[in-house]
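For reference, the structure is listed below as structure tokens.
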Amino acid sequence: MTRVIPVRKLSAFLSLVFMLTSCKVMLVPQYSAELENQIANTAKSTDKLYIDMMDTPVNERTYHAFSERYNDIEVEINSIQLKNEARPKNGDFLVIIKNLKDAFAEAKKYHKEHKILSDGEAIAYQATLSGYWKPLYIAEKALK
Amino acid sequence: MAFDINEVVAQMLGAIKDTVKDNWNIVKDGANGYFQDHKSRLELFASLRLQKQISQKFFESRLADEEKILESELHSIAIITKAIAQKAANAAIDIFQSAVTKALGL
């Protein structure tokens with residue numbers, strides 16, 4: 001004897017199976033290799049900005065001489081922020097990026113206002129900005 | 001096909017335990033690394049200030065940065081722990097799903 005399963009029961013059963021097979025917990029954004037590379041490269045550019053600055057004679061270390069590189073890095077930070085704004089579960093990332101963005105803007109403004117950076121100031125900014133980049137890089141890698 | 005809920009739950013707990021255990025070093029190493037970084041930077045700033053290479057105002061601004069960096073690091077650790085929790089939860093769910101699928105003969 002063939003047993004007929006009502007359509008409503010069958011669809012409820014299939015919905016349950018679908019739910020069981022598609023359920024995943026999501027607490028953090030999905031890993032992005034593109035973002036990891038962009039973060040690593042922009043952190044490297046920030047480091048190189050200050051290394052090159054320290055190789056330049058103090059009187060030639062004007063803001064104007066480095067303004068294009070400051071702007072390039074700022075554009076990359078904005079791009080990293082934009083890409084993170086579009087990701088779900090992005091709350092922690094957005095705080096890290098805002099802190100980095102504010103710190104970089106402050107370093108740029110300081111150079112612009114003081115015209116020239118001393119060795120000590122360049123060394124200190126290099127260390128500080130590296131400290132801001134690291135948590136962002138480590139967090140992105142943890143999503144792998 | 002029998003569905004032994006006790007066995008499935010035991011396997012799910014085992015998966016959670018293994019995932020957390022395997023990833024715990026990432027949190028520990030991350031936190032230790034951050035602590036060492038703060039120490040190195042504070043030593044550097046103190047030395048630059050003592051040699052009068054930076055002004056008192058500039059020195060204080062860098063100390064204020066350390067607080068903000070700490071905030072970023074705590075958010076980074078939150079991301080790492082959430083990522084571990086996500087991996088552990090999904091490993092447990094995978095075990096449950098495959099047990100149900102097997103029991104249903106799908």
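Taking the condition of being within 13 Å of chain A (Cβ to nearest Cβ) and touching a residue at least 12 places away in the same chain (Cβ under 8 Å), how many residues in the range B:16-36 meet it?
Qualifying residue count, the range B:16-36: 9.
Among the residues of the range B:45-60, is there at least one that is more than 11 Å from every other protein chain (Cβ to nearest Cβ) and in contact with a helix residue (DSSP H, G or I) (Cβ under 6 Å, 6 or more places away or on another chain)?
No, the range B:45-60 has no match at all.
Can you pull out the residues in the range A:82-103 that are within 11 Å of chain B (Cβ to nearest Cβ) and touching a residue at least 40 places away in the same chain (Cβ under 8 Å)?
A:K89, A:N90, A:D92, A:F93, A:I96
Return the residue satisfying two criteria in turn: it lies in the range B:34-62 and is under 24 Å from the mean Cα position of the chain (by Cα) and surrounded by fewer than 13 Cβ atoms within 10 Å (Cβ to Cβ), and of such residues it is farthest from B:L74 (Cα to Cα).
B:S40
Test A:A139 against the criterion of being among the aliphatic types (A, V, I, L, M) and closer than 24 Å to B:V27 by Cβ, and give yes or no.
yes
Take A:E140 and decide whether it is closer than 19 Å to A:K48 by Cα, facing chain B (nearest Cβ under 9 Å) and of a type outside the set (S, T, N, Q).
Here the answer is no, as A:E140 does not meet what is asked.
Starting from residues that are closer than 16 Å to B:F35 by Cα and more than 7 Å from every other protein chain (Cβ to nearest Cβ), keep the ones in the range B:69-106 and report whichever is surrounded by the most Cβ atoms within 10 Å (Cβ to Cβ).
Filtering the range B:69-106 for residues that are closer than 16 Å to B:F35 by Cα and more than 7 Å from every other protein chain (Cβ to nearest Cβ), the one surrounded by the most Cβ atoms within 10 Å (Cβ to Cβ) comes out as B:I77.
Quick check on this structure: which one of A:E121, A:E140, A:E106 is over 24 Å from B:H75 (Cβ atoms) and acidic (D, E)?
After applying the criteria, what remains is A:E121.
A short reminder: the numbers here are calculations on the coordinates, not readings from a lab. A quick note: this is a predicted structure, and the numbers were derived from the prediction, not measured. Backbone-built Cβ (ideal geometry, glycine too); neighbour counts: all protein chains shown.
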